[in-house]
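A short write-up of the structure that comes next.
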Amino acid sequence: MDTLQINNPFGVPVYFQETVKSTMDEARLLTGERSGTVIVADEQSAGRGRSGRRWNMNKGENLSFTIMFCYGSIEAIPRCLTLRTGLAVACAIEDFTAFFIDSYSLPPGNGAAVAGVCMVKWPNDVMLLDREGQGRKAAGILTEADNGTVYIGVGVNIVQRDFPPELAHKACSIGQVLSEENDQNKLITEHLLEKRFILLEKILFRLFDELENDNGKSDWRNRLEEKLYMKNRKITFVPGLPEELSNKPVPAIEGTLLGIGEEGEIRILEDTGKVVSYANGELRFR
């Protein structure tokens, strides 16, 4: 296992391994490491996402990592950690795309617009928007806890263009969006891969600010709602735990997404006029 020479604001190593079964599983093996330690991989043979779904990422085309936080007890774990990580990742992608567009003087196009349109989809996805405001998933987050130790897995699509048929219209990569409406695909692909660890560094710094700075602790909800995908728009929501959603039909709720509650729950104005909140479920779009 190698150590990447990048700045980690948590003051601990960032490890790299070319191929792993799962960065989440590898992080659990890092006994004795301090809080904030990161394990990065170019390929996961058995990466996983929310609800036990498989996370498919082509080898050498993306960024996948897990960061370990040691809080000592369940009570000490920050509230809404997954959502706040999503906020950090979304802001870091914006930082990174703006840096990349400026560094390589990319011509105007959808790519130039993306620096200001990266949103968080409740509860654990990050979306890149096109000019029409339609989002596609560019990153996913999985959080697992073992008593007071938390493992946050993050996968960001960097240059991948081929996705499974069921995801082709739902997923995208940063490279796809940056190269729309211009013919510099090869240049963008090559340089994005070279710079992907700059994105990792930016994510770590954003997450550090989110979790360690007083400002981040106090106003995360307001900042998250500014970046909440589909806020004030019509949505369909299926409430329930992941195992409930997969094992039996659950009645869907039709309404308008109002925002996020104090504990990270989703708030919906039903078409009937009733306001409801749910801690678990799946957000869909009409």
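The values are calculated or read from the model by the stated rules, or taken from the named source; none is laboratory data. Being a predicted model, the structure only gives us computed values, none of them experimental. Note that each Cβ is placed from the backbone with ideal geometry, even for glycine, and that neighbours are counted across all protein chains shown. Heads up: the accessible areas ignore ligands, DNA and RNA and are worked out on the full protein's heavy atoms, side chains in. Shrake-Rupley method; radii C 1.70, N 1.55, O 1.52, S 1.80 Å.
Tell me yes or no: at least one residue of region 232-240 is open to solvent by less than 70 Å² (accessible area, probe 1.4 Å), within 24 Å of E94 (Cβ to Cβ), hydroxyl-bearing (S, T, Y) and at pLDDT 90 or above. No: zero hits. Screening the candidates L207, L192 for the property of being of a type outside the set (G, A, S) and modelled with pLDDT under 95 yields one hit, L192. Note on region 259-286: residues that are open to solvent by 10 Å² or more (accessible area, probe 1.4 Å) and over 21 Å from the mean Cα position of the chain (by Cα) amount to 10. Beta carbons closer than 6 Å, at least 6 apart along the sequence or on distinct chains, pair a first residue in region 91-104 that is without any contact (Cβ under 8 Å) to a residue 24 or more places away in the chain with a second that is open to solvent by 10 Å² or more (accessible area, probe 1.4 Å) for A98/A115.
Summed over region 78-93, residues that are open to solvent by 30 Å² or more (accessible area, probe 1.4 Å) and assigned to a helix (DSSP H, G or I) total 1. The set of residues in region 61-77 that are open to solvent by 30 Å² or more (accessible area, probe 1.4 Å), touching a strand residue (DSSP E or B) at 6+ places or on another chain (Cβ under 9 Å) and of a type outside the set (S, T, Y) comprises E61, C70, G72, I74, I77. Which residue pairs have Cβ atoms under 8 Å apart, sit 6 or more places apart or on different chains, and have a first residue in region 247-268 that is within 22 Å of L81 (Cβ to Cβ) and a second that is of a type in the set (D, E)? Correct list of pairs: G259/E225; I260/E225.
Taken together, the residues in region 173-189 that are modelled with pLDDT under 80 and part of a helix (DSSP H, G or I) amount to 4.
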